[in-house]
Structures are given as structure tokens and as C-alpha cells.
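Nothing in this text is a laboratory measurement; each read-out follows from the coordinates by a stated rule. The structure presented is a predicted model; accordingly, all values stated were derived computationally and were not measured. No Cβ is skipped: glycine too gets one built from the backbone with ideal geometry, and neighbour counts run over all protein chains shown.
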Amino acid sequence: MQEHVNRWTSEIDQLAATFIDEFGGLSEDQLNWKPDAKSWSIAQNIDHLITINQSYFPAIDAVRQGTHSTPLHGRIPFLVKFLGNTILAAVHPDRRKKMKTFPLWEPNQSRVAGTILDDFERHQAELKEVIETMHPYLNGKTVIASPASKMIVYTLDTAFDIIVTHERRHLEQAREVLRQLDMVNQQP
């Protein structure tokens, strides 16, 4: 399992560095620019990642503290595997279909503070620490419910796969917003 922890933490480091590298030179207005009313800005994409990742922390804390109880339907291995694989596929960056997020994961505000990249970097360090402390529970048998719905269950290992894959998806979405912003800025 240590190899999984190393892979996740390495990807988290790479993602944090990439977000800062690609978007760190943008002004607060550029970070908050939206191509249209239905799209999210770069800053909103980053804020969404912090929000969604932190929503997992209570379940993770419960596992660590020994107060977690697996939902009844989380004891059906086929269902756990099916739901985990379905969610993981849905958040894959190559998936072009747009998805509507659950209300609890909507960006907190329409205009995000210019410190969002610093906030994200701090969050990524915290997320790495959380993952590293969960090593004893990464055995493919610890089942948690999604923060969005108690009916959606998957292993803790799959939850970390979902988190990292979801971050890559939103990196691609933020890159697309930047491409659109660059096109707008290049118009005469």
C-alpha cells in the first residue's frame, strides 16, 4: 500500500506545482474570468477542489479515530466496486461530458480571492498529510460513503484515486478557461 500512498502524494505535489506554474502569474481578475455565466472560472475550479477534498475529511477522521461504521450496503463487495469504478470513470479528465456537481461542492462564491493558489498549495500539503496518516487503512477493505450521498460507497483507496483523478479533471477545465481567456485577449 505504501506504493499507492507514494503515487497519490507525488501526484498531489505535481498537481499543486502545475496549478501554480500555469496560473500563478494571473491577476485576480484573470483568475475569476468566466467564458460565460454557466462556466466556472479558474479560481472557482480551484475553490471547488478544496471544497470537495475537505468534504472527505470527516469520514477519514472517523476511520482514523475508530468511530467509522460501514454503511450496510457497503458490505456488498460487488456494489462497492461498481460504485467506486463508476465515480472514478465519471471524474476522469478524458471524459468530455460535462457533469453537474452536487450543491455541497459548488464553488463557495462567484468571485474568489486572489489568494486561491496559496490556499490550494496549503490545502494540497494538508491533503498529503491526511493520505499519509491513512496508510494502515489502505487495504481495499475500508469502505466509506461519498460525502455527497450516503448511498454511494467505495473503498478508501478508491476515494483517494477519485480525489487525485478529479483534480486532474479540473486542471484540464482550468486550462480550457485559460485558452478561452487568451483567445479573448488576442482579439483586436
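In whole Å, what is the distance between the alpha-carbon centres of region 1-63 and region 145-183?
8 Å
Pulled fully out, how much extra length does the chain show between LYS81 and ASP119, if you take 0.36 nm times their separation in residues and subtract their Cα-Cα distance?
10.4 nm
With each label point set 7 Å from Cα along the Cα-Cβ vector, what nm distance links GLN186 and ALA89?
Taking the simple label geometry, GLN186 and ALA89 are separated by 3.6 nm.
Give me the percent of Cα-Cα pairs in region 1-71 that sit more than 16 Å apart, rounded to a whole number.
66 percent
Taking the Cβ of THR70 as the center, what net charge do the other residues with Cβ under 13 Å away carry, scoring Lys and Arg +1 and Asp and Glu -1?
Summing Lys/Arg as +1 and Asp/Glu as -1 gives +3.
What is the percent of Cα-Cα separations in region 2-186 that go past 31 Å?
Roughly 18 percent, rounded to a whole number.
Amide H neighbours of VAL153 under 5 Å, at least 5 residues apart or on other chains, H built in the peptide plane: list them.
SER146
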